[in-house]
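Notes to accompany the following structure.
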Amino acid sequence: MSQLIISVSGLRGIVGETLTPDIACRFVASFAASAPPGPIVIGRDGRTTGPMLRNAIVAGLAACGRDCIDADVAATPTIGVLVRESGAAGGVQISASHNPPTYNGIKLFGADGRVLDAVSGAKIRDGFLEGRAGWCAFDKVGEVRQAEDPHTPHLKKVLATIDVEAVKKTGFHVLLDSNHGAGGVLGVRLLEALGCQVESVGVEPTGQFAHVPEPTAENLTDIASRVAQGDCAVGFCQDPDADRLALIDENGRYIGEEATLALCVRRAMEVGRTNGPIVINGATSSMSTLVAKSFGVETFRSSVGEANVADMMIARSAAYGGEGNGGPIDPSVGYVRDSFVGMAQVLDLMARTGKPLSQLADELPVQHIYKDKAAVAAERLPALFEKLTAHFQDADADTGDGLRLQWPDAWLLVRGSNTEPIIRMIAEAETVDKAKALCDQARTLLG
(Lines give C-alpha, C1' and ligand atoms only; values in the text may rest on other atoms or scores of the structure.)
Protein backbone atom coordinates (compact mmCIF):
# COMPACT_ATOMS: atom_id res chain seq x y z
CA MET A 1 0.00 0.00 0.00
CA SER A 2 1.28 3.50 -0.84
CA GLN A 3 2.00 6.08 1.84
CA LEU A 4 -0.11 9.15 2.58
CA ILE A 5 1.87 12.16 1.39
CA ILE A 6 1.49 14.80 4.08
CA SER A 7 3.38 18.06 4.27
CA VAL A 8 3.03 21.63 5.49
CA SER A 9 0.98 22.51 2.39
CA GLY A 10 -1.59 19.73 2.74
CA LEU A 11 -1.91 16.07 1.97
CA ARG A 12 -2.25 13.76 -1.00
CA GLY A 13 -2.98 10.06 -1.32
CA ILE A 14 -4.71 7.25 -3.19
CA VAL A 15 -8.44 7.36 -2.57
CA GLY A 16 -9.67 4.28 -0.74
CA GLU A 17 -6.18 3.35 0.41
CA THR A 18 -4.28 6.16 2.09
CA LEU A 19 -6.85 8.92 1.59
CA THR A 20 -10.25 8.11 3.10
CA PRO A 21 -13.22 10.24 4.19
CA ASP A 22 -12.12 9.76 7.80
CA ILE A 23 -8.64 11.15 7.09
CA ALA A 24 -10.04 14.09 5.15
CA CYS A 25 -12.48 14.89 7.94
CA ARG A 26 -9.82 14.74 10.67
CA PHE A 27 -7.35 16.80 8.64
CA VAL A 28 -9.75 19.71 8.15
CA ALA A 29 -10.81 19.42 11.79
CA SER A 30 -7.21 20.21 12.70
CA PHE A 31 -7.36 23.13 10.27
CA ALA A 32 -10.56 24.41 11.89
CA ALA A 33 -8.91 24.25 15.32
CA SER A 34 -6.12 26.56 14.11
CA ALA A 35 -7.86 28.95 11.73
CA PRO A 36 -9.25 32.32 12.88
CA PRO A 37 -13.03 32.73 13.28
CA GLY A 38 -15.08 32.78 10.12
CA PRO A 39 -16.35 30.62 7.25
CA ILE A 40 -14.17 28.35 5.10
CA VAL A 41 -14.24 28.32 1.29
CA ILE A 42 -14.24 24.87 -0.34
CA GLY A 43 -13.42 24.07 -3.97
CA ARG A 44 -12.37 21.07 -6.02
CA ASP A 45 -10.89 20.11 -9.36
CA GLY A 46 -12.77 17.79 -11.72
CA ARG A 47 -11.71 14.46 -10.22
CA THR A 48 -14.52 11.95 -9.81
CA THR A 49 -13.71 11.52 -6.12
CA GLY A 50 -14.04 15.26 -5.46
CA PRO A 51 -17.74 15.29 -4.52
CA MET A 52 -17.26 12.46 -2.03
CA LEU A 53 -14.33 14.20 -0.34
CA ARG A 54 -16.20 17.50 -0.42
CA ASN A 55 -19.02 15.90 1.59
CA ALA A 56 -16.57 14.54 4.16
CA ILE A 57 -14.77 17.87 4.44
CA VAL A 58 -17.99 19.87 4.81
CA ALA A 59 -19.10 17.45 7.53
CA GLY A 60 -15.79 17.83 9.36
CA LEU A 61 -15.81 21.62 9.19
CA ALA A 62 -19.48 21.88 10.14
CA ALA A 63 -18.86 19.58 13.10
CA CYS A 64 -16.27 22.10 14.23
CA GLY A 65 -18.79 24.93 14.04
CA ARG A 66 -17.56 26.32 10.71
CA ASP A 67 -19.85 27.65 8.03
CA CYS A 68 -18.74 26.62 4.54
CA ILE A 69 -18.84 28.49 1.23
CA ASP A 70 -19.00 25.83 -1.50
CA ALA A 71 -17.42 26.97 -4.76
CA ASP A 72 -17.84 23.51 -6.31
CA VAL A 73 -15.48 23.09 -9.32
CA ALA A 74 -12.95 25.93 -9.26
CA ALA A 75 -9.28 26.41 -9.99
CA THR A 76 -6.80 26.63 -7.14
CA PRO A 77 -5.99 30.34 -7.75
CA THR A 78 -9.73 31.07 -7.90
CA ILE A 79 -10.13 29.69 -4.39
CA GLY A 80 -7.38 32.03 -3.19
CA VAL A 81 -9.15 35.07 -4.62
CA LEU A 82 -12.53 33.93 -3.29
CA VAL A 83 -11.16 33.53 0.24
CA ARG A 84 -10.11 37.19 0.24
CA GLU A 85 -13.21 38.49 -1.52
CA SER A 86 -15.58 36.73 0.90
CA GLY A 87 -13.62 37.62 4.04
CA ALA A 88 -13.28 33.94 4.88
CA ALA A 89 -11.03 32.48 7.55
CA GLY A 90 -9.37 30.19 5.02
CA GLY A 91 -9.93 27.79 2.19
CA VAL A 92 -9.74 24.12 1.26
CA GLN A 93 -8.97 23.02 -2.29
CA ILE A 94 -9.61 19.36 -3.10
CA SER A 95 -7.07 18.40 -5.74
CA ALA A 96 -4.10 16.15 -6.39
CA SER A 97 -2.68 18.53 -9.01
CA HIS A 98 -0.95 16.48 -11.75
CA ASN A 99 -1.12 13.09 -9.97
CA PRO A 100 -2.92 10.15 -11.63
CA PRO A 101 -6.73 9.77 -11.30
CA THR A 102 -6.44 7.35 -8.36
CA TYR A 103 -5.10 10.23 -6.24
CA ASN A 104 -6.77 13.16 -4.62
CA GLY A 105 -5.63 15.63 -2.01
CA ILE A 106 -6.25 18.67 0.15
CA LYS A 107 -4.51 22.04 -0.11
CA LEU A 108 -5.11 24.66 2.57
CA PHE A 109 -5.33 28.46 2.31
CA GLY A 110 -5.04 31.11 4.98
CA ALA A 111 -7.30 34.13 5.41
CA ASP A 112 -4.93 36.10 3.16
CA GLY A 113 -5.88 33.89 0.22
CA ARG A 114 -2.52 32.20 -0.24
CA VAL A 115 -1.37 28.67 0.39
CA LEU A 116 -0.46 28.26 4.03
CA ASP A 117 3.08 29.19 5.00
CA ALA A 118 5.37 26.54 6.45
CA VAL A 119 4.81 27.48 10.11
CA SER A 120 1.00 27.46 9.86
CA GLY A 121 1.00 24.33 7.75
CA ALA A 122 3.25 22.48 10.18
CA LYS A 123 0.91 23.35 13.05
CA ILE A 124 -2.06 21.82 11.21
CA ARG A 125 -0.08 18.77 10.11
CA ASP A 126 1.07 18.15 13.66
CA GLY A 127 -2.44 18.70 14.99
CA PHE A 128 -3.77 16.11 12.56
CA LEU A 129 -1.14 13.58 13.59
CA GLU A 130 -1.93 14.25 17.26
CA GLY A 131 -5.70 14.02 16.72
CA ARG A 132 -6.37 17.69 17.50
CA ALA A 133 -9.86 18.90 16.55
CA GLY A 134 -12.37 21.58 17.45
CA TRP A 135 -15.58 19.55 17.61
CA CYS A 136 -18.53 21.64 18.74
CA ALA A 137 -21.87 21.10 20.49
CA PHE A 138 -25.04 20.21 18.55
CA ASP A 139 -26.34 23.80 18.56
CA LYS A 140 -23.08 25.25 17.17
CA VAL A 141 -22.81 23.09 14.04
CA GLY A 142 -21.94 25.08 10.93
CA GLU A 143 -23.98 25.50 7.74
CA VAL A 144 -23.06 25.39 4.05
CA ARG A 145 -24.04 27.76 1.27
CA GLN A 146 -23.24 27.75 -2.43
CA ALA A 147 -21.09 30.51 -3.86
CA GLU A 148 -23.29 32.14 -6.52
CA ASP A 149 -20.45 32.91 -8.92
CA PRO A 150 -17.00 32.04 -7.54
CA HIS A 151 -15.19 32.88 -10.79
CA THR A 152 -16.07 36.53 -11.52
CA PRO A 153 -13.83 38.12 -8.84
CA HIS A 154 -10.84 36.18 -10.18
CA LEU A 155 -11.72 37.01 -13.79
CA LYS A 156 -11.90 40.73 -13.04
CA LYS A 157 -8.53 40.73 -11.28
CA VAL A 158 -6.81 38.95 -14.16
CA LEU A 159 -8.34 41.25 -16.79
CA ALA A 160 -7.25 44.29 -14.78
CA THR A 161 -3.58 43.35 -15.31
CA ILE A 162 -3.64 43.67 -19.12
CA ASP A 163 -4.77 45.85 -22.02
CA VAL A 164 -8.02 44.05 -22.81
CA GLU A 165 -8.88 46.15 -25.86
CA ALA A 166 -5.47 45.59 -27.45
CA VAL A 167 -5.89 41.83 -27.12
CA LYS A 168 -9.46 41.97 -28.44
CA LYS A 169 -8.32 43.75 -31.60
CA THR A 170 -6.07 40.83 -32.55
CA GLY A 171 -8.88 38.25 -32.54
CA PHE A 172 -6.48 35.46 -31.58
CA HIS A 173 -7.45 31.89 -32.45
CA VAL A 174 -6.38 29.83 -29.45
CA LEU A 175 -6.65 26.26 -28.23
CA LEU A 176 -7.41 25.64 -24.57
CA ASP A 177 -6.67 22.16 -23.16
CA SER A 178 -8.00 21.83 -19.62
CA ASN A 179 -7.81 18.01 -19.70
CA HIS A 180 -11.17 17.71 -17.92
CA GLY A 181 -9.87 19.45 -14.81
CA ALA A 182 -10.99 22.68 -13.16
CA GLY A 183 -9.44 25.13 -15.63
CA GLY A 184 -12.05 25.09 -18.39
CA VAL A 185 -14.76 26.71 -16.29
CA LEU A 186 -12.97 30.05 -16.04
CA GLY A 187 -10.57 29.51 -18.94
CA VAL A 188 -13.22 29.74 -21.63
CA ARG A 189 -14.80 32.80 -19.98
CA LEU A 190 -11.44 34.55 -19.83
CA LEU A 191 -10.47 33.85 -23.43
CA GLU A 192 -13.89 34.82 -24.77
CA ALA A 193 -13.73 38.05 -22.73
CA LEU A 194 -10.49 38.74 -24.61
CA GLY A 195 -12.20 38.33 -27.97
CA CYS A 196 -10.47 35.05 -28.78
CA GLN A 197 -11.80 32.36 -31.07
CA VAL A 198 -11.51 29.43 -28.67
CA GLU A 199 -11.02 25.80 -29.62
CA SER A 200 -11.89 24.00 -26.40
CA VAL A 201 -10.46 20.60 -25.51
CA GLY A 202 -11.40 18.84 -22.30
CA VAL A 203 -13.06 21.86 -20.70
CA GLU A 204 -15.80 19.75 -19.06
CA PRO A 205 -14.66 19.04 -15.47
CA THR A 206 -15.35 15.30 -15.51
CA GLY A 207 -11.99 14.16 -14.17
CA GLN A 208 -11.71 11.69 -17.06
CA PHE A 209 -8.26 12.84 -18.16
CA ALA A 210 -7.69 12.54 -21.92
CA HIS A 211 -3.93 12.32 -21.39
CA VAL A 212 -1.49 12.05 -18.47
CA PRO A 213 -2.34 15.11 -16.37
CA GLU A 214 1.09 16.73 -16.05
CA PRO A 215 1.44 19.21 -18.96
CA THR A 216 4.83 18.04 -20.25
CA ALA A 217 5.99 17.66 -23.87
CA GLU A 218 5.55 13.88 -23.97
CA ASN A 219 1.99 14.16 -22.66
CA LEU A 220 0.90 16.86 -25.11
CA THR A 221 1.95 15.50 -28.51
CA ASP A 222 -1.65 15.16 -29.74
CA ILE A 223 -2.54 18.62 -28.46
CA ALA A 224 0.53 20.09 -30.18
CA SER A 225 -0.60 18.58 -33.48
CA ARG A 226 -4.07 20.05 -33.07
CA VAL A 227 -2.62 23.51 -32.44
CA ALA A 228 -0.56 23.39 -35.65
CA GLN A 229 -3.28 21.83 -37.79
CA GLY A 230 -5.96 24.14 -36.43
CA ASP A 231 -4.12 27.32 -37.40
CA CYS A 232 -4.03 28.49 -33.78
CA ALA A 233 -1.84 31.32 -32.54
CA VAL A 234 -1.15 29.50 -29.29
CA GLY A 235 -2.09 26.40 -27.32
CA PHE A 236 -2.73 26.81 -23.60
CA CYS A 237 -2.43 23.59 -21.57
CA GLN A 238 -3.43 23.50 -17.90
CA ASP A 239 -2.89 20.95 -15.17
CA PRO A 240 -6.03 19.64 -13.37
CA ASP A 241 -6.29 22.40 -10.75
CA ALA A 242 -5.16 25.09 -13.23
CA ASP A 243 -2.34 26.67 -11.30
CA ARG A 244 0.18 25.60 -13.98
CA LEU A 245 0.32 26.49 -17.66
CA ALA A 246 2.34 25.04 -20.53
CA LEU A 247 2.55 26.74 -23.93
CA ILE A 248 2.53 25.42 -27.49
CA ASP A 249 3.41 27.83 -30.29
CA GLU A 250 1.63 28.31 -33.60
CA ASN A 251 3.86 25.71 -35.26
CA GLY A 252 2.90 23.01 -32.78
CA ARG A 253 6.18 23.32 -30.90
CA TYR A 254 6.06 22.68 -27.15
CA ILE A 255 7.41 25.88 -25.61
CA GLY A 256 6.95 24.47 -22.17
CA GLU A 257 6.31 25.55 -18.61
CA GLU A 258 9.60 27.31 -17.86
CA ALA A 259 8.93 29.66 -20.78
CA THR A 260 5.51 30.54 -19.36
CA LEU A 261 7.09 32.30 -16.42
CA ALA A 262 9.92 33.84 -18.45
CA LEU A 263 7.48 35.35 -20.96
CA CYS A 264 5.28 36.67 -18.16
CA VAL A 265 8.35 38.22 -16.51
CA ARG A 266 9.29 39.88 -19.82
CA ARG A 267 5.80 41.25 -20.19
CA ALA A 268 5.81 42.51 -16.58
CA MET A 269 9.09 44.30 -17.20
CA GLU A 270 7.87 45.86 -20.44
CA VAL A 271 4.79 47.35 -18.79
CA GLY A 272 6.86 48.92 -16.01
CA ARG A 273 6.66 46.35 -13.22
CA THR A 274 10.25 47.23 -12.31
CA ASN A 275 9.58 48.82 -8.93
CA GLY A 276 10.69 45.70 -7.10
CA PRO A 277 12.60 42.46 -7.63
CA ILE A 278 11.27 39.19 -8.94
CA VAL A 279 11.30 35.99 -6.89
CA ILE A 280 11.65 32.46 -8.27
CA ASN A 281 12.59 29.20 -6.58
CA GLY A 282 15.95 27.46 -6.62
CA ALA A 283 14.91 24.98 -9.31
CA THR A 284 13.47 27.51 -11.76
CA SER A 285 15.24 28.33 -15.02
CA SER A 286 17.59 31.30 -15.16
CA MET A 287 15.68 32.50 -18.22
CA SER A 288 13.50 34.61 -15.93
CA THR A 289 16.56 35.90 -14.07
CA LEU A 290 18.27 36.94 -17.30
CA VAL A 291 15.12 38.62 -18.61
CA ALA A 292 14.73 40.62 -15.40
CA LYS A 293 18.44 41.50 -15.38
CA SER A 294 18.15 43.00 -18.87
CA PHE A 295 15.70 45.51 -17.36
CA GLY A 296 17.94 46.19 -14.37
CA VAL A 297 15.74 44.17 -12.00
CA GLU A 298 17.19 41.91 -9.33
CA THR A 299 16.14 38.29 -8.78
CA PHE A 300 15.92 36.45 -5.47
CA ARG A 301 15.60 32.67 -5.19
CA SER A 302 13.52 30.98 -2.51
CA SER A 303 13.37 27.37 -1.42
CA VAL A 304 11.32 25.13 -3.71
CA GLY A 305 7.60 25.37 -3.06
CA GLU A 306 4.86 27.87 -3.82
CA ALA A 307 4.49 28.96 -0.18
CA ASN A 308 8.22 29.69 0.01
CA VAL A 309 8.09 31.81 -3.15
CA ALA A 310 5.11 33.73 -1.77
CA ASP A 311 6.87 34.27 1.58
CA MET A 312 9.91 35.79 -0.12
CA MET A 313 7.82 37.84 -2.54
CA ILE A 314 6.07 39.46 0.40
CA ALA A 315 9.29 39.92 2.38
CA ARG A 316 11.08 41.49 -0.61
CA SER A 317 8.09 43.51 -1.87
CA ALA A 318 8.52 41.72 -5.19
CA ALA A 319 6.88 43.07 -8.33
CA TYR A 320 6.48 39.59 -9.80
CA GLY A 321 7.37 35.97 -9.19
CA GLY A 322 6.55 32.35 -9.74
CA GLU A 323 7.83 28.84 -10.27
CA GLY A 324 9.20 27.31 -13.43
CA ASN A 325 6.52 24.61 -13.51
CA GLY A 326 4.31 27.05 -15.40
CA GLY A 327 3.13 29.00 -12.38
CA PRO A 328 3.38 32.80 -12.63
CA ILE A 329 2.47 34.69 -9.46
CA ASP A 330 1.20 38.25 -9.92
CA PRO A 331 0.76 40.02 -6.56
CA SER A 332 -2.00 42.22 -8.00
CA VAL A 333 -4.11 39.08 -8.47
CA GLY A 334 -2.90 36.96 -5.56
CA TYR A 335 0.08 35.09 -4.16
CA VAL A 336 -0.94 31.84 -5.86
CA ARG A 337 0.41 30.24 -9.05
CA ASP A 338 -2.10 31.13 -11.74
CA SER A 339 -2.56 29.70 -15.26
CA PHE A 340 -5.14 32.39 -16.06
CA VAL A 341 -2.63 35.13 -15.32
CA GLY A 342 -0.28 33.26 -17.67
CA MET A 343 -2.82 33.06 -20.51
CA ALA A 344 -3.92 36.68 -20.29
CA GLN A 345 -0.42 38.12 -19.99
CA VAL A 346 1.11 36.00 -22.76
CA LEU A 347 -1.69 37.13 -25.08
CA ASP A 348 -1.07 40.71 -23.96
CA LEU A 349 2.63 40.35 -24.77
CA MET A 350 1.80 38.96 -28.22
CA ALA A 351 -0.61 41.82 -28.86
CA ARG A 352 1.78 44.52 -27.64
CA THR A 353 4.74 43.29 -29.65
CA GLY A 354 2.88 42.04 -32.70
CA LYS A 355 5.10 38.96 -32.60
CA PRO A 356 4.01 35.32 -32.81
CA LEU A 357 4.68 33.09 -29.81
CA SER A 358 7.44 31.22 -31.66
CA GLN A 359 9.43 34.43 -32.10
CA LEU A 360 8.89 35.54 -28.50
CA ALA A 361 10.07 32.13 -27.30
CA ASP A 362 13.14 32.25 -29.54
CA GLU A 363 14.04 35.65 -28.09
CA LEU A 364 14.29 34.22 -24.57
CA PRO A 365 17.81 33.55 -23.25
CA VAL A 366 18.96 30.05 -24.23
CA GLN A 367 19.12 27.78 -21.20
CA HIS A 368 18.72 24.02 -20.83
CA ILE A 369 17.67 22.06 -17.74
CA TYR A 370 18.62 18.44 -17.07
CA LYS A 371 17.11 16.39 -14.22
CA ASP A 372 18.20 13.16 -12.55
CA LYS A 373 17.57 11.32 -9.30
CA ALA A 374 19.18 8.66 -7.16
CA ALA A 375 18.32 6.57 -4.11
CA VAL A 376 19.95 8.18 -1.09
CA ALA A 377 18.84 7.95 2.54
CA ALA A 378 18.13 11.28 4.25
CA GLU A 379 20.81 10.75 6.91
CA ARG A 380 23.50 10.66 4.20
CA LEU A 381 22.65 14.08 2.78
CA PRO A 382 24.89 16.27 5.03
CA ALA A 383 28.00 14.24 4.16
CA LEU A 384 27.05 14.23 0.48
CA PHE A 385 26.63 18.00 0.47
CA GLU A 386 30.10 18.39 2.01
CA LYS A 387 31.61 16.23 -0.74
CA LEU A 388 29.84 18.19 -3.45
CA THR A 389 30.92 21.54 -2.00
CA ALA A 390 34.52 20.37 -1.81
CA HIS A 391 34.44 19.02 -5.36
CA PHE A 392 32.85 22.14 -6.89
CA GLN A 393 35.01 24.71 -5.12
CA ASP A 394 34.61 27.23 -7.95
CA ALA A 395 30.86 27.52 -7.31
CA ASP A 396 28.94 29.69 -4.85
CA ALA A 397 27.23 27.29 -2.45
CA ASP A 398 23.86 27.83 -0.74
CA THR A 399 22.42 25.26 1.68
CA GLY A 400 19.06 26.91 2.31
CA ASP A 401 17.18 24.20 0.39
CA GLY A 402 19.38 21.17 -0.10
CA LEU A 403 22.58 22.31 -1.81
CA ARG A 404 22.53 24.83 -4.64
CA LEU A 405 25.77 25.48 -6.52
CA GLN A 406 25.87 28.56 -8.73
CA TRP A 407 28.33 29.48 -11.47
CA PRO A 408 28.15 32.56 -13.71
CA ASP A 409 26.63 30.52 -16.53
CA ALA A 410 25.17 27.43 -14.82
CA TRP A 411 23.75 25.99 -11.60
CA LEU A 412 23.23 22.64 -9.89
CA LEU A 413 20.61 21.87 -7.24
CA VAL A 414 20.80 18.69 -5.14
CA ARG A 415 18.02 18.21 -2.62
CA GLY A 416 16.29 15.39 -0.80
CA SER A 417 12.76 14.47 -1.81
CA ASN A 418 10.00 15.28 0.68
CA THR A 419 8.16 12.06 -0.12
CA GLU A 420 10.73 9.43 -1.16
CA PRO A 421 14.19 8.24 0.03
CA ILE A 422 15.86 9.81 -3.01
CA ILE A 423 17.74 12.92 -4.00
CA ARG A 424 16.85 15.04 -7.00
CA MET A 425 19.61 16.57 -9.10
CA ILE A 426 18.66 19.49 -11.32
CA ALA A 427 21.18 21.41 -13.41
CA GLU A 428 20.91 24.21 -15.92
CA ALA A 429 23.45 25.47 -18.44
CA GLU A 430 23.68 26.90 -21.96
CA THR A 431 23.72 23.36 -23.40
CA VAL A 432 22.01 20.13 -22.39
CA ASP A 433 25.37 18.33 -22.42
CA LYS A 434 26.86 20.73 -19.89
CA ALA A 435 23.81 20.46 -17.62
CA LYS A 436 23.90 16.67 -17.83
CA ALA A 437 27.63 16.67 -17.07
CA LEU A 438 26.97 18.52 -13.80
CA CYS A 439 24.38 15.93 -12.75
CA ASP A 440 26.70 13.11 -13.80
CA GLN A 441 29.53 14.51 -11.70
CA ALA A 442 27.21 14.76 -8.71
CA ARG A 443 26.14 11.15 -9.20
CA THR A 444 29.76 9.92 -9.19
CA LEU A 445 30.19 11.43 -5.72
CA LEU A 446 27.30 9.49 -4.20
CA GLY A 447 29.65 6.63 -3.28
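The values are calculated or read from the model by the stated rules, or taken from the named source; none is laboratory data. Worth saying up front: this structure is predicted, and the values here are computed from it rather than measured. Neighbour counts run over all protein chains shown; Cβ positions are idealised from the backbone, glycine included.
Does V212 satisfy being hydrophobic (A, V, I, L, M, F, W, C) and surrounded by fewer than 20 Cβ atoms within 10 Å (Cβ to Cβ)? Walk me through it before giving the result.
Values: hydrophobic (A, V, I, L, M, F, W, C): yes; surrounded by fewer than 20 Cβ atoms within 10 Å (Cβ to Cβ): yes.
Criteria met by V212.
Enumerate the pairs (first residue in the stretch 360-378 and part of a helix (DSSP H, G or I); second residue anywhere and acidic (D, E) and at pLDDT 95 or above) with beta-carbon separation below 7 Å, excluding pairs fewer than 6 apart on the same chain, so at least 6 apart or on different chains.
As it stands, the answer is A361/D249, since those pairs meet every condition given.
Filter the stretch 321-375 for residues that are farther than 21 Å from L290 by Cβ and at pLDDT below 95; which is surrounded by the most Cβ atoms within 10 Å (Cβ to Cβ)?
Selected residue: D372.
State which residue pairs qualify: first residue acidic (D, E) and inside the stretch 70-94, second residue part of a loop (DSSP other than H, G, I, E, B) and modelled with pLDDT under 95 in any location, beta carbons under 8 Å apart, and separation of 6 or more residues or different chains.
Sorted first by the residue in the stretch 70-94, then by its partner, the list stays empty.
For the stretch 120-129, state whether one or more residues are touching an Asp or Glu at 6+ places or on another chain (Cβ under 8 Å) and either more than 30 Å from V203 (Cα to Cα) or surrounded by 21 or more Cβ atoms within 10 Å (Cβ to Cβ) (or both). Before the answer, list the steps.
Our first condition is that a residue be touching an Asp or Glu at 6+ places or on another chain (Cβ under 8 Å); within the stretch 120-129, this holds for none.
Taking every residue of the stretch 120-129 in turn, none turns out to be touching an Asp or Glu at 6+ places or on another chain (Cβ under 8 Å) and either more than 30 Å from V203 (Cα to Cα) or surrounded by 21 or more Cβ atoms within 10 Å (Cβ to Cβ) (or both).
Hey, does the stretch 235-253 have a residue that's at positive phi and either in the same structural domain as I94 (by TED's automatic domain parsing) or free of Cβ contacts under 8 Å to residues at least 40 places away in the same chain (or both)?
So the first thing to find is which residues in the stretch 235-253 are at positive phi, and the list is 242, 252.
If we keep only those that are either in the same structural domain as I94 (by TED's automatic domain parsing) or free of Cβ contacts under 8 Å to residues at least 40 places away in the same chain (or both) as well, we get 252.
Among the residues of the stretch 235-253, at least one is at positive phi and either in the same structural domain as I94 (by TED's automatic domain parsing) or free of Cβ contacts under 8 Å to residues at least 40 places away in the same chain (or both), which makes the answer yes.
Among the residues of the stretch 245-279, what is the count of those that are surrounded by fewer than 23 Cβ atoms within 10 Å (Cβ to Cβ) and β-branched (V, I, T)?
So the count comes out to 2.
Which of (1) outside any loop (DSSP other than H, G, I, E, B); (2) crowded, with 17+ Cβ neighbours inside 10 Å does A318 not meet, given it meets every other one?
Among (1) outside any loop (DSSP other than H, G, I, E, B); (2) crowded, with 17+ Cβ neighbours inside 10 Å, the lone unmet condition for A318 is (1).
Given (1) in contact (Cβ under 8 Å) with a residue 12 or more places away in the chain; (2) over 22 Å from A74 (Cβ atoms); (3) of a type in the set (A, V, I, L, M), where does V341 come up short, assuming only one miss?
Exception for V341: condition (2).
With respect to K157, determine if the residue is touching a helix residue (DSSP H, G or I) at 6+ places or on another chain (Cβ under 8 Å) and surrounded by fewer than 16 Cβ atoms within 10 Å (Cβ to Cβ). Talk me through it step by step, then tell me what you get.
Details: touching a helix residue (DSSP H, G or I) at 6+ places or on another chain (Cβ under 8 Å): yes; surrounded by fewer than 16 Cβ atoms within 10 Å (Cβ to Cβ): no.
Judged against the criteria, K157 is not a match.
Determine which single condition L384 fails, assuming it passes every other condition in (1) in a helix (DSSP H, G or I); (2) at pLDDT 95 or above; (3) surrounded by 15 or more Cβ atoms within 10 Å (Cβ to Cβ).
(2)
Would a scan of the stretch 279-302 turn up a residue that is closer than 23 Å to V167 by Cα, in contact (Cβ under 8 Å) with a residue 12 or more places away in the chain and of a type in the set (S, T, N, Q)?
No - not one qualifying residue is present in the stretch 279-302.
Name the residues in the stretch 212-234 that are within 18 Å of G324 (Cα to Cα) and out of contact with any Phe, Trp or Tyr (no Cβ under 7 Å at 6 or more places or on another chain), would you?
Result: P213, E214, P215, T216, E218, N219.
For D45, state whether it is closer than 30 Å to K157 by Cα, in contact with a Gly (Cβ under 7 Å, 6 or more places away or on another chain) and among the acidic types (D, E).
It is true that D45 is closer than 30 Å to K157 by Cα, in contact with a Gly (Cβ under 7 Å, 6 or more places away or on another chain) and among the acidic types (D, E).
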